[in-house]
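Shown next, in structure tokens, is the structure this report addresses.
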Amino acid sequence: MTRYPDVTEFSARTLEAIRLVIGSRSAALHEPTFGGNEGQYLQDCLESTFVSTVGPYVEKFEAKLAAFTGSTHVVAVGSGTAALHVALRLAGVGPEDEVLVPALTFVATANAVSYLGAVPHFVDSDEMTLGLDPVALRNHLSTVAEVRRGICVNRSTGREIRAVVPVHTFGHPVAIDDVVALADDYGLAVIEDAAESMGSVSKGRHTGTTGLAGVLSFNGNKIITSGGGGALLTDDPEFAARARHLTTTAKIHHLWEYVHDDIGYNYRLPSLNAALGCAQMEQLPEFLASKRRLFEAYTQAFAPIENVQVVAEPPGCQSNYWLQTLLLDEALADQRDAVLEATNSSGVTTRPAWTPLHRLGPYADCPRASLPVAESLQRRIINIPSSAGLT
Ligand SMILES: *Cc1c(COP(=O)(O)O)cnc(C)c1O
């Protein structure tokens, strides 16, 4: 029989294993590295006076993102949340529709649904990918939903289910082909939340490029940062053109007149942010390599400790290892808080997974599947220091 260590022993050994990798310094969960042309490009941007939504850096950044991800069209916007909002709107999501969203994700995924007056419908996760479980979702839909004239309807709420938003959690690719196959059967649009997975590839395709559209984030805590920012990826030229239009106040091109043909948004990425993003893109291959080294170092350090694993990329995938994740066995779940306490009080920043969204006040009454894996993962996940600068 396995002997489970006592609380202080387990948290002390966890702290020791992290220290083995990062040394005696204090460490953030994730901080950016500015080791390239950031200063030069920002200075150039200032000198050109094009610091806002016009200027060459936005187009340069979009071109770099397209080349790296293999997406035909890229629309840079002010945040990942803004990109999700616009992508869902263009996917046809409107008031009183439902959108399938994992319960275990950052709140922005569900917020973007709510901005459209639609309702998130929470679904369960897969222990292997930490993302949406397409098998559990198929079972769930087969009991609660039916397809009427090509439209998926939730039989218990009467609402139409328009879209599904798989999230590549902590950078690990979700089983996207299975999600797309399921979405095709039920007439759902797939919008990939790849906010955390820049640089992650599944079966040769960059995350965010398989569904109708994908979304990236360049917030300060992501693998590359533009200070704040996001992007919309799509291979559909019409979708891209409409996204560009809606994110720039839906203004019709005209030499001098102000004509807007829709209620658009001021969501365009400023040039200053794009300049920072360009410099970060040049370093992305190094960031990816150092994050992989960090994963290997943690895996070695934790190898002697029983009942805990460092989460590895799913088979057939390359993860960007954005956030390194410890997964405790269920028997150790009640020791999670002791580990969080021991590490954070000694300068090593660690965090639990997000509170599952159906347990947040604003989302408590939303429809949901049974969520045993999301609930279990939430009790057992600890994110540990993950910055590229640590190795
Ligand atoms: C960061 C993040 C977002 C939102 O991106 P912002 O650029 O911060 O708006 C959305 N979804 C997930 C999963 C994220 O981690």
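The values are calculated or read from the model by the stated rules, or taken from the named source; none is laboratory data. Values in this document were obtained by computation on a predicted structure and should not be read as measured data. Every residue, glycine among them, receives a Cβ derived from its backbone with ideal geometry; neighbour counts consider all protein chains shown. Only protein heavy atoms, including side chains, enter the accessible area calculation; ligands, DNA and RNA are left aside. Shrake-Rupley method; radii C 1.70, N 1.55, O 1.52, S 1.80 Å.
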| note | Taking the range 183-201 and keeping only residues that are within 23 Å of Phe287 (Cα to Cα), out of contact with any helix residue (DSSP H, G or I) (no Cβ under 6 Å at 6 or more places or on another chain) and surrounded by 24 or more Cβ atoms within 10 Å (Cβ to Cβ), one is left with Glu192, Ala194, Met198
| query | Give me the pairs: first residue in the range 200-226 and within 19 Å of Pro270 (Cα to Cα), second residue charged (D, E, K, R), beta-carbon distance under 9 Å, and six or more apart or on different chains, which are they? | reply | Val215/Glu192; Val215/Asp193; Leu216/Lys222; Ser217/Asp193; Ser217/Glu196; Gly220/Glu31; Asn221/Glu31; Lys222/Glu196
| message | Looking at the range 266-311 only, could you name the residues that are surrounded by 18 or more Cβ atoms within 10 Å (Cβ to Cβ) and in a loop (DSSP other than H, G, I, E, B)? | response | Tyr267, Leu269, Pro270, Val311
| query | Within the range 96-107, is there a residue that is more than 16 Å from the ligand (Cβ to nearest atom), open to solvent by less than 10 Å² (accessible area, probe 1.4 Å) and touching a residue at least 24 places away in the same chain (Cβ under 8 Å)? | reply | yes
| query | Which residues, counting only those in the range 335-368, are closer than 23 Å to Ser125 by Cα, free of Cβ contacts under 8 Å to residues at least 40 places away in the same chain and out of contact with any helix residue (DSSP H, G or I) (no Cβ under 7 Å at 6 or more places or on another chain)? | reply | Asp337, Thr355, Arg359, Gly361, Asp365
| said: The conditions are (1) under 25 Å from Arg292 (Cα atoms); (2) touching a strand residue (DSSP E or B) at 6+ places or on another chain (Cβ under 6 Å); (3) surrounded by fewer than 24 Cβ atoms within 10 Å (Cβ to Cβ), and Leu132 fails exactly one of them. Which is it? | reply: (3)
| task | Run down Ala27, Ala63 and say which single residue is modelled with pLDDT of 90 or more, among the aliphatic types (A, V, I, L, M) and under 28 Å from Thr247 (Cα atoms). | result | Ala63
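Residues checked against (1) crowded, with 23+ Cβ neighbours inside 10 Å; (2) within 27 Å of Gly92 (Cβ to Cβ):
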site	(1), (2)
Gly220	no, no
Leu232	yes, yes
Lys251	no, yes
Val259	no, yes
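So that you can scan it fast, the table gives a plain yes or no per residue for (1) open to solvent by 40 Å² or more (accessible area, probe 1.4 Å); (2) hydroxyl-bearing (Ser, Thr, Tyr); (3) within 15 Å of the ligand (Cβ to nearest atom):
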{"position": "Phe10", "(1), (2), (3)": "no, no, no"}
{"position": "Ile18", "(1), (2), (3)": "no, no, no"}
{"position": "Lys64", "(1), (2), (3)": "yes, no, no"}
{"position": "Ala76", "(1), (2), (3)": "no, no, yes"}
{"position": "His85", "(1), (2), (3)": "no, no, yes"}
{"position": "Thr109", "(1), (2), (3)": "no, yes, yes"}
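Against the condition surrounded by fewer than 22 Cβ atoms within 10 Å (Cβ to Cβ) and more than 17 Å from Thr69 (Cα to Cα), how does Arg138 come out, does it pass?
yes
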